[in-house]
1. By per-residue mean of other Cβ atoms within 10 Å, what is the highest-first order of A:13-25, B:109-121, B:84-96?
2. For A:LYS37, go through the lysines and keep the ones whose alpha-carbon is under 17 Å away, minus same-chain ones fewer than eight residues off.
3. Got a number for carbon plus sulfur as a percent of chain A's accessible area, 1.4 Å probe?
4. Provide a list, ordered by number, of residues in region A:39-77 showing at least 50 Å² less accessible area with every protein chain present than when their chain is taken on its own, using a 1.4 Å probe.
5. Given a 1.4 Å probe, show me the residues in region B:139-158 buried by at least 50 Å² of accessible surface when comparing the whole protein assembly to the chain alone.
6. Place +1 on the Cβ of every Lys and Arg and -1 on the Cβ of every Asp and Glu in the protein assembly as shown, take the dipole about the Cα centre, and give the residue among B:VAL132, A:LEU13, B:TYR58 whose Cα lies farthest towards its positive end.
7. For a paramagnetic label modelled at 7 Å from the Cα of B:PHE140 toward its Cβ, which residues of region B:146-174 fall within the zone defined by backbone nitrogen distances under 12 Å?
8. Tally Lys/Arg at +1 and Asp/Glu at -1 over every other residue whose Cβ is under 15 Å from the Cβ of A:TYR52; what's the total?
Amino acid sequence: MTMSLPKPVMRGLLSKRLRFHLPIAFTLSVVAAAVFKYTVTEPRKQAYADFYKQYDAMKEFNAMKEAGIFESVRPSGE
Amino acid sequence: MLHLTAGRIGSLLTRRGVMALTSSNVRMASHGHEVQQEDLSLPMYWDRIDIPLPDKAYKHELSAAEKSLKQKEQGPWTQLSKEEKLALYRLMFKSTYAEMKVPSHEWKTVVAGMLIFIGITGLIVIWQSHYVYPATPHTFDPEWKAKQVQRMLDMRINPIEGFASQWDYEKKQWK
């Protein structure tokens, strides 16, 4: 116990940690946002675009009317 | 089988009771060998990993040898031998960091207690769903639910990415 240990690092501990972790955190956040964009939002936008490309509102309305779900306009049979 | 279950619960409960007693005994033994209740309003000695210097030293009633050692501590520390330094450490602290961090088996008791109470809760929930709840509403009958699904499809619920998007309106079947 008479030998002495090297003095431990006393300063700059937070900045050292930040220098290591901040680029990683930044990269991971950007990657997470990109993954979400290209797996969720872009397919969703495409799905909406495809749906409304072939959408005939009057045809859908008449189909719903014949099914009898509306209260203001009844199916043509009644 | 019931005997085994009761014995297992009994042994676990006694083990938990013994653990509670031993932990409080350990706590009381750390306050300088006192038998009566420690005054909790005064600074206490406590071994904690995140607080390295407790509020007071471990030992206060020093023998004559220990008192002379404390006197020698007032002088230059290079004159203290290794055993004296260790003795001074043990006067100030009850256990070293290595001794504090020794893992205990308490977690098994904790997990066992958790699982026992979750199981008892499960039994209570089963009893309750049989004896307490009223009859399920008629809207949960298969015929009613089939009519409900048909109405949802007629209303085109979420036709782009949701419910009605999974139904093929031409072929009249699920996609």
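The values are calculated or read from the model by the stated rules, or taken from the named source; none is laboratory data. The model shown is predicted, which means the values in this text are computed figures rather than measured ones. Cβ: placed from backbone, ideal geometry, glycine included. Neighbour counts: every protein chain shown. Just the protein is used for accessible areas: all its heavy atoms, side chains included, with ligands, DNA and RNA removed. Shrake-Rupley method; radii C 1.70, N 1.55, O 1.52, S 1.80 Å.
1. Working: A:13-25: 9.8, B:109-121: 11.8, B:84-96: 14.6.
Per-residue Cβ counts within 10 Å, averaged per peptide and sorted highest first, yield B:84-96, B:109-121, A:13-25.
2. Reachable lysines: A:LYS45.
3. Carbon-and-sulfur percentage of accessible area, whole number: 64.
4. Buried by the other chains: A:PHE51, A:ILE69.
5. Buried on complex formation: B:ASP154, B:ARG156.
6. Sorting the options by dipole projection puts first A:LEU13.
7. The answer is none, because no backbone nitrogen lies closer than 12 Å to the label point.
8. Surrounding charge for A:TYR52 is +1.
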